[in-house]
1. Which of the helices (runs of 4 or more DSSP H) found entirely inside segment B:106-194 contain at least 2 residues meeting this: of a type in the set (A, V, I, L, M, F, W, C)?
2. Within the group A:Glu294, A:Glu304, which residue is of a type in the set (Asp, Glu), within 28 Å of A:Val371 (Cα to Cα) and out of contact with any Lys or Arg (no Cβ under 7 Å at 6 or more places or on another chain)?
3. Within segment A:296-325, can you find the residues that are among the small types (Gly, Ala, Ser), more than 10 Å from chain B (Cβ to nearest Cβ) and either buried (at least 23 other Cβ atoms within 10 Å of the Cβ) or assigned to a loop (DSSP other than H, G, I, E, B) (or both)?
4. State whether one or more residues within segment B:104-119 are touching a residue at least 24 places away in the same chain (Cβ under 8 Å), surrounded by fewer than 20 Cβ atoms within 10 Å (Cβ to Cβ) and within 24 Å of B:Tyr43 (Cα to Cα).
5. Could you please find all residues in segment A:331-346 being more than 7 Å from chain B (Cβ to nearest Cβ) and free of Cβ contacts under 8 Å to residues at least 40 places away in the same chain?
6. How many residues, within segment A:331-354, are over 16 Å from A:Gly152 (Cα atoms) and outside any loop (DSSP other than H, G, I, E, B)?
7. Among the listed residues A:Tyr118, A:Tyr166, which satisfies the condition of being within 19 Å of A:Asp290 (Cβ to Cβ), surrounded by fewer than 24 Cβ atoms within 10 Å (Cβ to Cβ) and over 16 Å from the mean Cα position of the chain (by Cα)?
8. When B:Ala19 is evaluated against the numbered criteria (1) under 21 Å from A:Val330 (Cβ atoms); (2) within 16 Å of the chain's Cα centre (by Cα), which criterion, by number, is the only one it fails?
Amino acid sequence: MVQPGSVGVVKPQTKHFAQTLRLTSGASIGDYTLMYETYGELNAERSNAVLICHALNASHHVAGAHAEGGNPGWWDNMIGPGKPVDTNRFFVVGVNNLGSCFGSTGPMSPDPATGKPYGARFPVVTVEDWVDAQARLADALGIVQWAAVMGGSLGGMQALSWTLRYPARLRHCVAIACTPKLSAQNIAFNEVARTAIRSDPDFYGGDYYVHGAVPKRGLAVARMIGHITYLSGDDMAEKFGRLLRTQDYAFGYGVEFEVESYLRYQGDKFAEYFDANTYLLITRALDYFDPAKEFGGDLTAALERARARFLIVSFTTDWRFPPARSREIVEALVAHDRDVTYAEIDAPHGHDAFLLEDKRYHRLVAAYFDVIQGEQRTSHAAPAARGAS
Amino acid sequence: MTLRSDLQQIAHWIAPRSAVLDLGCGDGALLAHLRDAKGCHGYGLEIADDNVLAATRLRVNVIQADLESGLRMFADDRFDTVVLSQTLQAVHRTEDILREMARVARQGVVSFPNFGHWRHALSLLAGRMPVTPEIPYQWYDTPNIHLCTLKDFEILAAKCGLRVTDRVVFAGGERVQWLPGLRATLALYRFQTR
């Protein structure tokens with residue numbers, strides 16, 4: 001049943017690209033397909049398009065429901081008719097990134113050179129490569145300039161990257177629970193997750209497809225580790241505390257604490273639908289993201305190219321990408337006199353807060369998109385650089 | 001939307017097309033007015049969620065931060081004017097804030113409720129802390145921790161090296177000409193920081 005405020009039943013679409021995509025690594029992909037979904041109507045001026053970029057484990061299925069059932073879109077509480085990103089006004093595009101495992105070309109896809117799944121031979125892709133591929137999808141859809149590119153976490157990195165690679169192709173960048181680069185601690189968590197996958201005997205060096213195997217145990221552990229970093233300590237204490245599933249301690253190593261049960265459930269569920277090579281690839285893309293790198297680590301210098309207006313949102317209990325990391329982005333933008341709105345939402349749910357419903361958060365995003373809508377009515381001018389003061 | 005009279009006075013002191021920082025920008029009304037009427041560009045610092053939302057609706061560049069940490073993100077001489085409107089009395093490290101204001105802008109504007117108003121004195125004579133429309137809080141439940149009189153502020157401004165060039169005082173939204181120290185409910189100061 002379609003819920004009120006939902007975009008309703010949606011049908012994923014595919015777009016095939018035959019033109020070679022040069023990757024940051026120097027490698028290239030000659031032929032690839034992107035899965036995407038759209039909601040709302042593109043207006044006659046083609047000025048109301050919003051691109052939603054996904055994070056680690058999500059996909060093109062951002063809002064609405066598939067006819068065959070399954071979960072609603074991963075940002076269904078944010079996107080839909082009357083929702084903060086209102087599909088009565090905006091034409092919203094969700095795209096599955098290259099290397100992911102939800103229909104776009106990735107490690108599970110056949111390598112045209114061999115006819116067998118790419119597996120370990122799928123090239124390492126970066127946030128910048130994703131953005132380049134998304135730009136080609138924009139071309140194909142006839143979208144010269146996005147009203148906004150929006151994402152949370154890794155999705156926010158893509159939105160930020162858009163402002164640097166294609167400064168004239170978006171008017172607004174909405175980056176939520178984001179960071180300009182991973183910390184050593186962030187990379188360390190990723191590496192533990194990858195080690196769990198690689199050390200699963202069913203991994204076969206990444207070529208498990210041809211062995212008919214799935215490194216589920218490794219994937220589940222990777223997900224368990226990741227999941228811990230998405231929640232806040234307080235949130236976990238509140239949800240689980242030291243609650244036991246058993247009457248009392250069983251003096252063994254089975255599942256006794258509620259939190260163990262929860263993590264195992266999350267891990268096992270994830271291992272059923274996610275691809276291990278994709279997990280390696282996406283966590284690596286996270287590690288590599290660092291737009292300041294080619295500017296000697298100077299983020300301010302790196303963001304000079306950005307022309308968009310920014311909405312940056314962080315959450316107080318997010319210890320994965322804490323508010324201080326978002327403030328680095330704000331500071332760099334302010335140094336260039338760029339337009340930026342920054343909100344620090346006091347929410348208890350840690351990094352995951354960007355996916356959850358929170359009145360203050362959703363009202364703010366709604367207000368920001370009202371402003372975008374207002375601008376559309378008054379002018380369709382491309383964003384102009386402000387002179388440095 | 002008409003701008004409050006004290007904000008109109010502040011706007012009057014700000015040059016067209018200049019860069020402005022508004023500390024404790026509230027709902028962003030001043031910055032929105034300066035943008036629309038004078039072509040100014042600027043930022044507002046604001047801590048309260050509802051104000052951040054209101055300023056966002058006005059398309060103002062609002063940054064949610066407390067003044068102390070927020071000011072640190074701006075380079076020296078970054079702005080033409082820095083404004084601290086009806087916030088001074090709620091600031092913890094008053095002197096530091098004034099010095100930080102001097103660092104980021106050449107011109108400053110400060111407004112605050114005048115604690116030297118005769119009604120406050122009367123209230124104190126009657127043995128009670130004053131509660132008025134300008135400072136409507138009970139002593140045990142007030143954000144206003146650093147209330148001052150006109151003279152108090154002028155002494156601190158001088159100590160911080162701020163050169164006051166203009167002072168305008170209001171009582172109930174009207175300008176006050178005589179006995180400002182006793183009759184002002186709200187004082188506005190414009191100063192040069194060099």
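Each value in this text was obtained by applying a stated rule to the coordinates, not by laboratory testing. Bear in mind the structure is a predicted one, so any value in this text is a computation, not a measurement. Cβ placement follows ideal geometry from the backbone for every residue including glycine, while neighbour counts extend to all protein chains displayed.
1. On the way: elements: B:118-125, B:150-159, B:180-183.
Answer list for segment B:106-194: B:118-125, B:150-159.
2. On the way: A:Glu294 fails: within 28 Å of A:Val371 (Cα to Cα).
Residue meeting the stated conditions: A:Glu304.
3. Within segment A:296-325, the subset among the small types (Gly, Ala, Ser) is A:296-297, A:301-302, A:306, A:308, A:314, A:324.
Restricting the remaining residues to those that are more than 10 Å from chain B (Cβ to nearest Cβ) gives A:296-297, A:301-302, A:306, A:308.
Scanning segment A:296-325 gives A:Gly296, A:Gly297, A:Ala306, A:Ala308.
4. Yes.
5. Let us first name the residues in segment A:331-346 that are more than 7 Å from chain B (Cβ to nearest Cβ), namely A:332-333, A:336, A:338, A:345-346.
Hits for segment A:331-346 are A:Leu333, A:Ile345, A:Asp346.
6. First pass over segment A:331-354, keeping only residues over 16 Å from A:Gly152 (Cα atoms): A:331-340, A:346, A:348.
With the extra rule that they be outside any loop (DSSP other than H, G, I, E, B), the set shrinks to A:331-335, A:340.
Number of matching residues: 6.
7. Working: A:Tyr118 fails: within 19 Å of A:Asp290 (Cβ to Cβ).
On inspection, the qualifying residue turns out to be A:Tyr166.
8. Looking at each condition in turn, B:Ala19 falls short on (2).
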